[in-house]
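What follows is a set of notes on a single structure, which appears directly below.
The values are calculated or read from the model by the stated rules, or taken from the named source; none is laboratory data. The structure displayed is predicted, hence computed values, not measured ones. Cβ placement follows ideal geometry from the backbone for every residue including glycine, while neighbour counts extend to all protein chains displayed.
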Amino acid sequence: MIFLYFFCGLYFLGMLFILIYSLAQGHLLFHFLKARKSSKSFLSKKTEAWPKVTVQLPVYNELYVVERLIDAAAKLNYPKELLEIQLLDDSTDQTVELIREKIKQHPEINFQYIHRVDRKGFKAGALREGLKKASGEFIAIFDADFVPDPDFILKTIPFFSSEKIGMIQTRWTHINRDYSLLTRLQAFALDAHFFIEQMGRNHQGAFINFNGTGGIWRKTCILDAGNWHDDTLTEDLDLSYRAQRKGWEFVYRPEIESPAELPPIMSAIKSQQFRWTKGGAECAVKHAGAVSKENLSFRVKFHSFAHLFNSTIFIAVLLTSLSSIGVWWAGEKGLIPEFLVRLSGIFLVGFVLIAGVYLVSYFYGKRSFVQSALGVIWQLPLFLSVSMGLALHNAQAVWEGLSGKKSPFIRTPKFNLESGKVKLAGNRYLLHRMPITTWFEGLLAVAFWGMVWLAFSRENFLFLPFHAMLAFGYSLVFITSFKSYGLGR
């Protein structure tokens, strides 16, 4: 019976965590809807004297996208005498020569090339090094896979209408959204973050985060908050919390778009997800205690904790999914009262709330209601399935972050496939070493397909939707991972 109580306890604790997380998401959805109706504007004055701006472009071995990045940066509409563009290059391959030759094609632009031989601090170290030489009052940052809007600076600078505003974040859009099923699902997820979460937090004055790119900082804000730190894998989230804890205000503007490329294969997606989830957990360890002691409202603290620990949802999903097998078996054998098993269904409201967040964001981002309805019918359940299928991989990242295990900054491979100039299999930055967790994902797929079969054979359908989604999600993650790690061999 001890094992029975153990599995039931894990299941109910996991579902309780998911429910609390979903309530936080539901509250953000409420404020997102209020923000849409609000006429509040952060603009209080017109920009009469334009300030000097430094654009930082951190780069590391980006043969396929660096030329596109440089060309886009050179097209920025801003007085040339007030603009400097830093190429923060840590490359160890031909990207170095490619950059040097490319910037020669734009002699009218003030390019500042900074090449580091030692990658100390990774991206944070590069940004810190560039800041020492930056002459701009404001610092815009774009990763290598972005294509900056020519009017980005003209659109964002006017929102620095108060000396207290330290950062303006814009909304990511996706230049290869329709490339594949995986890019569609990533866009589905990111749109919810950039519409519901960022708008919902910003509207109620809760902490938001700089997303690492597609944003612009007041230089004094960065310095006052302690500059870029490299002790976490998400230097952007870390600096965001340090700055807001010191009283700096952030502004999120969803109408200003920053186009970017999405990873088209599962190995690249996993690399990015691992860094984001582990870095988020590291920031939770670093900031949660300090936030709890700050003189902040309960609402701000609640959403800060939900924000910092949001990646922990993957541990909850993993434990809940595994323990649900024991709960199903116990219910089938009559070892626990049937009403308790059915009572667990109450917790499913959490999944309904989470689905609602993604549903609203999807419809908000589309113009045609009919097109949205047709798309969401298959994308929502598929997205939820794949998210659950990534639970094992991301739970490992979160656990490493919470437990303090350190790992190097592994950047996400870029592809530029939409240009038609390069092929997927020929990408030299592809990861070929398949982690052991991928094989466990395959085993979990088999296990949950077994639970689907048992549901029909025993006519016990209580967990069927949950187990079917897990089976499909782990299957898709395993198959696409297996294929992507084998590319180019």
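Table: residues versus (1) basic (Lys, Arg); (2) closer than 19 Å to ILE313 by Cα.
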position	(1), (2)
GLU197	no, yes
GLY212	no, no
ALA243	no, no
GLU249	no, no
ARG253	yes, no
TRP276	no, yes
VAL285	no, yes
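No other residue among TRP217, TRP248 is assigned by TED's automatic domain parsing to the domain that holds GLN56, farther than 18 Å from CYS283 by Cα and surrounded by 24 or more Cβ atoms within 10 Å (Cβ to Cβ) apart from TRP217.
With respect to ILE153, is the statement that it is of a type in the set (Val, Ile, Thr), touching a strand residue (DSSP E or B) at 6+ places or on another chain (Cβ under 7 Å) and closer than 23 Å to LYS132 by Cβ true? Against the criterion (of a type in the set (Val, Ile, Thr), touching a strand residue (DSSP E or B) at 6+ places or on another chain (Cβ under 7 Å) and closer than 23 Å to LYS132 by Cβ), ILE153 qualifies.
Being without any contact (Cβ under 8 Å) to a residue 24 or more places away in the chain, among the aliphatic types (A, V, I, L, M) and within 30 Å of GLY121 (Cβ to Cβ) holds for only one residue in ILE436, ILE377, and it is ILE436.
Considering (1) surrounded by fewer than 17 Cβ atoms within 10 Å (Cβ to Cβ); (2) in contact (Cβ under 8 Å) with a residue 40 or more places away in the chain; (3) among the basic types (Lys, Arg); (4) within 19 Å of LEU88 (Cα to Cα), the lone condition that LYS123 does not fulfil carries the number (1). Answer yes or no: is there a residue in segment 300-316 that is of a type in the set (Phe, Trp, Tyr), modelled with pLDDT under 95 and outside the structural domain of ILE196 (by TED's automatic domain parsing). No; the residues of segment 300-316 include none that is of a type in the set (Phe, Trp, Tyr), modelled with pLDDT under 95 and outside the structural domain of ILE196 (by TED's automatic domain parsing). Among the candidates ASP118, ASP178, the residue that is of a type outside the set (A, V, I, L, M), at pLDDT below 95 and over 20 Å from the mean Cα position of the chain (by Cα) is uniquely ASP118. For segment 290-298, the count of residues that are among the charged types (D, E, K, R) and either surrounded by 19 or more Cβ atoms within 10 Å (Cβ to Cβ) or in contact with a strand residue (DSSP E or B) (Cβ under 9 Å, 6 or more places away or on another chain) (or both) is zero. Of the residues screened, GLY401 is not one that is surrounded by 18 or more Cβ atoms within 10 Å (Cβ to Cβ) and closer than 30 Å to GLY334 by Cα. Within segment 247-290, the set of residues being within 25 Å of GLY205 (Cα to Cα), in a loop (DSSP other than H, G, I, E, B) and touching a helix residue (DSSP H, G or I) at 6+ places or on another chain (Cβ under 6 Å) comprises just one member, TRP248.
For GLU101, the test of being at pLDDT 95 or above and surrounded by fewer than 17 Cβ atoms within 10 Å (Cβ to Cβ) is passed. For segment 168-184, a residue qualifies if it is aromatic (Phe, Trp, Tyr) and over 22 Å from GLU255 (Cβ atoms), and exactly one does: TYR179.
Residue-level check: of (1) farther than 29 Å from GLU418 by Cβ; (2) not in a strand (DSSP E or B); (3) not hydroxyl-bearing (Ser, Thr, Tyr), MET167 misses just (2). From the list SER135, SER162, the lone residue that is closer than 23 Å to VAL59 by Cα and hydroxyl-bearing (Ser, Thr, Tyr) is SER135. The set of residues from segment 278-323 being under 30 Å from LEU4 (Cα atoms), within 21 Å of the chain's Cα centre (by Cα) and polar (S, T, N, Q) comprises ASN310, SER311, THR312.
Screening SER311, SER324 for residues that are under 30 Å from LYS414 (Cα atoms), in a helix (DSSP H, G or I) and not charged (D, E, K, R) leaves exactly one candidate, SER311. May I ask you to say which residue of GLU101, GLU129 is touching a residue at least 40 places away in the same chain (Cβ under 8 Å) and not aromatic (Phe, Trp, Tyr)? That would be GLU129, the only listed residue that is touching a residue at least 40 places away in the same chain (Cβ under 8 Å) and not aromatic (Phe, Trp, Tyr). Checking each residue in segment 160-174 for being modelled with pLDDT under 95 and either in contact with a Leu (Cβ under 9 Å, 6 or more places away or on another chain) or under 27 Å from LYS270 (Cα atoms) (or both) picks out only SER161. Yes or no: SER271 surrounded by fewer than 23 Cβ atoms within 10 Å (Cβ to Cβ), under 16 Å from the mean Cα position of the chain (by Cα) and of a type in the set (Gly, Ala, Ser)? Criteria met by SER271. All of (1) touching a Gly at 6+ places or on another chain (Cβ under 6 Å); (2) modelled with pLDDT under 95 hold for THR234 with one exception: (2).
Here GLU441, GLU459, GLU418 are screened, and the one residue that is surrounded by fewer than 19 Cβ atoms within 10 Å (Cβ to Cβ) and not in a loop (DSSP other than H, G, I, E, B) is GLU418. Taken as a whole, segment 249-259 holds at least one residue that is closer than 30 Å to PHE351 by Cβ and not basic (Lys, Arg).
Restricting attention to segment 139-171 and to residues that are hydrophobic (A, V, I, L, M, F, W, C) and within 20 Å of GLU67 (Cα to Cα), the residue that is farthest from the chain's Cα centre (by Cα) turns out to be PHE152. Looking for something under 24 Å from PHE188 (Cβ atoms) and among the polar types (S, T, N, Q) - is there at least one such residue anywhere in segment 348-361? Yes: segment 348-361 contains one or more residues that are under 24 Å from PHE188 (Cβ atoms) and among the polar types (S, T, N, Q).
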